[in-house]
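Below is one structure, written out as structure tokens; comments come after it.
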């Protein structure tokens, strides 16, 4: 007798109902409950979700619109920074060469026709030149006696044609920093935009009434100082008028598929400057403002929500601030509410039709489910509930030789798939965390390889990275192999180099001979099978990722999963190398490979502070190549560059790894050595001088390259800070140059002072 009995029995007073009837009633009840629940869900939760989704999309798109709005200012900024860095432009500004500067402005204007205003001012803000070859007053941009103030900004032009736009020209010249801003200026002062999409179009009947009397307009302006060795010599002033600025709204619509508009809030109600065609007919309000009233009232702090105009809208407004953090305009994106909730209404109608159809279908299905339905359904329901609670080790065993048996098999397959996918998802999350948290290539290689080997149950793995100079594949990281088991292979010597660069998927090799495995680098552990993936960057082979399993083979699903992981790894590794290279380039001189002057001073100041605190020796060496101008003039700059490179190589080869060297400028070099006494420093300087003198240059024939070296020593009473030790070295350099060149010079007073001090 069974120890546990599961009884299914109706109470004695329950009327008799056939399985078909009960099934029909059950189906009808289930359908009714589900339909009601779905209807309620659609009417509340789904509608709320649609609203939240629409608002989230608008918030993203309005930020994107603001980014597009700023893009052209950035283009103007970098274009003018490029121009300002040119020596010819700097000389022209210093000499007030209007003709040269006018030609320069015209060349830039030809490349950026969307910029409406181009001018160059001197260090006092006086206009030197403009795009049309004259000062703006001569062009009719403004009268030199005009003084204007109004709205939220002011522009004044003095009798000397001094240009001032709400103080930003003066600020840029004073701080030598680029200023990007949106400013309120008098209407017509900087010309007009002829391609305005609408002028005088009221859109809502009264929205643009009084537009002719409006005295201000918005100008997107960039002030780019021209910096020389003497200081700020002047600045480029460029501007874009925003009235009728249709490019912005067209670009937003093209990029984000949403209607947009540009507004001016500076003087009275919101004024529409530009709008996409779709949005223009919707932006109206009985209050007379083009922007719906509830949106306009809150736009100065940013607005996101619904508003009523010619139609109910979802609106997002990003405020535009001038240089004084005042709201002068706004960028709006909007979509009609009917587009957001239209799918909800359609879904309700479809649900009603589905309910009616389901009731009719249930009547026909009831008699088909008459036999043997309760038990398999109960088993399936129980298994489903357990799965819904998070249990993934649940399975059903249904052997009814009908559709329920197939359902049971399908359910088991589904749970298997869920379990596999959950495992893969957890692996992927862990792997992505590694990719995000590690920017150092070595750490990224080690952690990523270890994680992939762990996740795939592999016994060994290796990542080969291709050397861009030699083409060789070198083992950057390995797991499961002893040190010395891997070699650097030249192309076509190893399995890692046998793939074709156009091949983009994994290659799985199983049961290969030992020779091939040895070529792959598995010299200490021979796996039963292994597979490798190419890592490509911009269509070019950048490396190979290989893993091997000691027993068993990889399934197709495992290969696809690993392929996905390694694709993400390859991108992150490339980004990591790129980041490291950019970091290196930012602190080194591109010609010599030595540190640049800025980074040298950062390290030098830290070292000097440490030497001062712990009282140990240090010295600064200033090095100048003798008669370098003669070499350039006689043999050409290419030979001069070779000389500079060779000198930098001598500095690195003949000195300690702890010594720091930099290119100071032109043919001058600077370096500092620490923890070295006076005699040792003199020996080091002489090694540098003689080493450079011994260098042979085929292009120079018998001519020798020599250097003069000046030294500054610390600690001594004559040096109190880092600037003074550099000054001392510089003075000794000039002394060496004046004493016949090709020599090392150091102050006797400093030597004597240091010998009298006790240092660490």
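Remark: region 549-646 is approximated by an ellipsoid whose semi-axes, taken from the C-alpha gyration tensor as √(5λ), come to 48, 25, 11 Å, largest first. Potential lengthening of the chain between residue 630 and residue 599 amounts to 8.2 nm, from the contour at 0.36 nm per residue minus the alpha-carbon distance. Rounded to 0.05, the FRET efficiency of the residue 403 and residue 575 pair, given R0 = 41 Å and the Cβ-Cβ distance, is 0.20.
Among beta bridges identified by DSSP and lying wholly in region 644-760, the antiparallel ones come to about 65 percent. The label-point distance for residue 658 and residue 107, in a model that sets each label 7 Å from Cα toward Cβ, rounds to 5.1 nm. Computed over the alpha-carbon pairs of region 597-755, the distance histogram in 10 Å steps reads 11, 43, 33, 12, 2 percent, short to long.
Applying the Kirkwood pairwise sum to the alpha-carbon positions of region 374-431 produces a hydrodynamic radius of 12.2 angstrom.
We did not get these values from a lab; they are worked out from the coordinates using the rules stated. Only a predicted model underlies this, so the values are computations on that prediction, with no experimental measurement involved. Here the Cβ is made from the backbone with ideal geometry for all residues, glycine too, and neighbour counts use every protein chain on show.
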